[in-house]
Amino acid sequence: MVATFPPPAPGFWELDRSHTTGGATPIVSGLTTESAEAAFLRLFAEFGIPAETLSMRYVNGFCYTRLRPLVSADRPPRRSPPVFVTRLVTRLHPEFRRRAAAATRTLSSRPWRRVVEQWKAEIRPGLERRNLALQDVDTAALDDQRLCRHLADLLAHARLTCEEHFYLHGFDLGPLGMLILAGREWGLPPSEVVGALVGASPSTSAPAEALIRLREGIAATGLQPTSLAEVRAASPELAAELDGYLRHRGAVLYSGYDLDTPTLCESPGVVLAAILHGQRERGDLPDPEAVAAQLRDKVPPAERGRFDELLSDARAAMDMRDDNGPLTVEWPIGLLRLAMLEAGRRLVAAGRLTEVDHVFELDSRELVSMTRGGAGPEPAVVAARAARRQSDKALDPPAVLGRAEPPPPLDALPGPLATMVSVVTAVMAELGMAGRDPSVGGDEQGLAGCGIGERAVTGVARTAATAEEAIAALEPGEILVTRTTSPAYNMVLNLVGGLVTAEGGVMSHAAVLSRELGIPAVIGAPGAMVAIGDGDLVEVDPLSGTVRVLGPSSTASSASPA
């Protein structure tokens, strides 16, 4: 049976592979669809963005997004209305007038400053406490009824934190978008502008620094541990450092956002390799102040005060931008995964499932019902779902669905609304969220993208259908080739000599991680997963933003300067 991709609802839908790789599980697709729509509904009204919300829908397990118009959202027009009609509507319609007033307040009050401070003082510590409290529940010691209640608690927690995740992105991506938008006015490309943000995200570099401390501590002992147990046994100080690292990161999904990707505590070999063979010491990063000074010299003198203000806001928001995901998504969903695996083991023992991992094919109601011994689908039905979802992952989804919706002409909108629309479109473009034909790139093979770093490297490519497969097979110093990355990759990315992703832009998580960790990378090379074979010898040249396949690899497995 040939899979079809019908539009999920009226309007124009764009494929987003910058965050998801396809084959989404029922629970996560439901969580993100509901929480994203609710978060952006609230955020757009507060910020004065002239759209109702950002809708997210899954078709055959692939994520599509649509900016839902403020009026007549389910009856999209075939062509743009005359400019004079747009001018009248956006100035007379009560909701547009409210949005214009809100946009004016946003641009003058810059609410992200207040929220960034709240993140550090209140929001982040509260999330961490709640995650740890749920993590401290010993699921194996719970009877079925209490496990059922724990799963319900985790589902409710993940629903709230996912909404918080999307809502907070208005306050971290907003100032970044404002800076990029202003840079365009001054003739500064986004790739140069974001270079001034290096070092502004200590949460991104913190795991790598913890791993460096562990590696240095092990070196001081003269031992060569072959397990995490041997690391702990080496000294009380190393045991405390490792246990502290895993307490705050062990239950986090490290290679994706979905339930079928592993947590770090399930991958002790990856943790040990990251400790012993990490490549990155943070000495080769560019000086952000020097980068900022060079950029400032290119800004018209009358605008330099504005540049300083926008850069300050963006730097302040930058740490929250990549700290947000692990705390609100990868950790809560990692906790849910671990509890679901416990439920899956019990359901297999009871003959309700044929494989433990099949628990991820259940929706939230089925999960809770079956865990308490209630009704649910037959094992063969769940197995068929698992097979279907695996086959869906291999599909080649279209970049867009539905009929194109003409955007309103910016010059017909009131000034504050036009600015907010421009910020949203700039952010979505630089995140790499817009759907794109994978055959179209900056070169014939689609091996051109956004370069990150100051030096080229040559090494063996480690390519796999899923990131965890690639990381599991990765030898230290090899080039990781994957579709996309999540913020939690910072826990293992110090293993790689270079990074290539098929999706993403200069503001994507992969780009942020590469900049903060000093990893040479080419981000958003659409042909990477097709043109680069596992084991190929490749050159990653961030200066030109290109990847070259040099041929089948030799036995060497480490990356070297090109």
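The values are calculated or read from the model by the stated rules, or taken from the named source; none is laboratory data. All figures in this text were calculated on a predicted structure; none of them were measured in a lab. In this analysis, Cβ positions are derived from the backbone assuming ideal geometry, glycine residues included, and neighbour counts consider all displayed protein chains.
Values computed for the structure shown
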item: Among residues of the stretch 49-87, those that are of a type in the set (G, A, S), surrounded by fewer than 22 Cβ atoms within 10 Å (Cβ to Cβ) and assigned to a loop (DSSP other than H, G, I, E, B), counted; result: 3
item: Among residues of the stretch 347-371, those that are surrounded by fewer than 20 Cβ atoms within 10 Å (Cβ to Cβ) and touching a Ser or Thr at 6+ places or on another chain (Cβ under 8 Å), counted; result: 1
item: Count of residues meeting criterion [of a type in the set (G, A, S) and modelled with pLDDT of 90 or more] in the stretch 444-482; result: 6
item: Scope the stretch 238-290; condition of a type in the set (V, I, T), part of a helix (DSSP H, G or I) and at pLDDT 90 or above; matching residues; result: V271, I275
item: For A3: the one exception among (1) outside the structural domain of A412 (by TED's automatic domain parsing); (2) modelled with pLDDT of 90 or more; result: (2)
item: P225 being outside the structural domain of I519 (by TED's automatic domain parsing) and at pLDDT below 95; result: no
item: Residue within the stretch 70-84 that is in the same structural domain as A399 (by TED's automatic domain parsing) and under 28 Å from the mean Cα position of the chain (by Cα) present; result: yes
item: Residue in the stretch 372-412 that is surrounded by the fewest Cβ atoms within 10 Å (Cβ to Cβ), counting only those that are assigned to a loop (DSSP other than H, G, I, E, B) and among the aliphatic types (A, V, I, L, M); result: A375
item: Of all residues making up the stretch 220-266, the number that are farther than 26 Å from A473 by Cβ and among the small types (G, A, S); result: 8
item: Single condition F62 does not satisfy, out of (1) under 30 Å from G373 (Cβ atoms); (2) touching a strand residue (DSSP E or B) at 6+ places or on another chain (Cβ under 9 Å); result: (1)
item: Test for E241: is it surrounded by fewer than 16 Cβ atoms within 10 Å (Cβ to Cβ), of a type outside the set (S, T, N, Q), farther than 30 Å from T501 by Cα and without any contact (Cβ under 8 Å) to a residue 40 or more places away in the chain; result: no
item: Residues of the stretch 412-437 satisfying the condition of being in contact with a helix residue (DSSP H, G or I) (Cβ under 7 Å, 6 or more places away or on another chain) and modelled with pLDDT under 70; result: A434
item: When residues of the stretch 503-552 are limited to those that are free of Cβ contacts under 8 Å to residues at least 40 places away in the same chain and surrounded by fewer than 24 Cβ atoms within 10 Å (Cβ to Cβ), the one nearest to R462 (Cα to Cα); result: P552
item: Boolean, E216 is of a type in the set (D, E) and closer than 20 Å to C450 by Cβ; result: no
item: Close pairs (8 angstrom Cβ cut-off, 6 or more residues apart or separate chains): farther than 19 Å from M318 by Cβ and in contact (Cβ under 8 Å) with a residue 60 or more places away in the chain in the stretch 92-121, buried (at least 17 other Cβ atoms within 10 Å of the Cβ) and polar (S, T, N, Q) anywhere; result: F96/T90; A100/T90; A103/T419; L107/T419
item: Every pair of residues 6+ apart whose Cβ atoms lie under 7 Å, when the first sits in the stretch 292-315 and is outside the structural domain of L173 (by TED's automatic domain parsing) and touching a residue at least 24 places away in the same chain (Cβ under 8 Å) while the second is in a loop (DSSP other than H, G, I, E, B) and among the β-branched types (V, I, T); result: F307/V299
item: Residue within the stretch 291-312 that is among the hydroxyl-bearing types (S, T, Y) and in a helix (DSSP H, G or I) present; result: yes
item: In the stretch 147-162, the residues that are among the small types (G, A, S), closer than 14 Å to R130 by Cβ and surrounded by fewer than 21 Cβ atoms within 10 Å (Cβ to Cβ); result: A156
item: Any hit, the stretch 117-140, residues being touching a helix residue (DSSP H, G or I) at 6+ places or on another chain (Cβ under 7 Å), aliphatic (A, V, I, L, M), over 21 Å from L310 (Cα atoms) and exposed (fewer than 12 other Cβ atoms within 10 Å of the Cβ); result: yes
item: Residue in the stretch 544-553 that is modelled with pLDDT of 90 or more and not in a strand (DSSP E or B) present; result: yes
item: Given (1) under 14 Å from V270 (Cβ atoms); (2) at pLDDT 90 or above; (3) not charged (D, E, K, R), index of the condition Y489 fails; result: (2)
